[in-house]
Amino acid sequence: QVQLVESGGGLAQAGGSLRLSCVASRSIFSINAMGWYRQAPGKQRELVASFTSGSITNYSDSVKGRFTLSRDNAKNTVYLQMNRLKPEDTAVYYCCAKYLETDFWGQGTQVTVSS
């Protein structure tokens, strides 16, 4: 089992920045993959960024160059630094961890970007 607690969402203006945090209940060294997804109203949940245990990081094309995924192993925490935010980044952002072939999800944090 992995519990995930997200924080850092909120309201930002277009062009602004926010940083999301996700704290895992176990060492992220033991987690196969971890990252962030988002879901906008009326749309399917989509991958934003993720890394694997092999340290390969993937970004969706829509956030490349603007968002950065990082982690603090000592704190079992993954961060999503979001810069140059756009109104289309508005969504609920979910932290996800794949552990022993099971996906675990956080409760989600709302990000709203005003134009």
If we scan the range 17-32, do we find a residue that is under 18 Å from T102 (Cα atoms), surrounded by 14 or more Cβ atoms within 10 Å (Cβ to Cβ), modelled with pLDDT under 95 and hydroxyl-bearing (S, T, Y)?
no
Which of the residues that make up the range 58-72 are open to solvent by 50 Å² or more (accessible area, probe 1.4 Å), farther than 17 Å from E46 by Cα and not polar (S, T, N, Q)?
G65, R71
Residue satisfying all of: in the range 73-115; open to solvent by 40 Å² or more (accessible area, probe 1.4 Å), closer than 17 Å to N32 by Cβ and of a type in the set (S, T, N, Q); nearest to the chain's Cα centre (by Cα) among these
N73
Out of all the residues in the range 24-32, is one or more under 10 Å from the mean Cα position of the chain (by Cα) and either closer than 12 Å to F104 by Cα or basic (K, R) (or both)?
no
Looking at (1) within 16 Å of T112 (Cα to Cα); (2) touching a Leu at 6+ places or on another chain (Cβ under 7 Å); (3) surrounded by 14 or more Cβ atoms within 10 Å (Cβ to Cβ); (4) modelled with pLDDT of 95 or more, can you tell me which one G9 breaks?
(4)
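The values are calculated or read from the model by the stated rules, or taken from the named source; none is laboratory data. None of these values were measured; they are calculated from a predicted model. With ideal geometry, Cβ positions are generated from the backbone for all residues, glycine too; neighbour counts draw on all protein chains shown. Note: accessible area is taken over every heavy atom of the protein model, side chains too, but ligands, DNA and RNA are not part of it. Shrake-Rupley method; radii C 1.70, N 1.55, O 1.52, S 1.80 Å.
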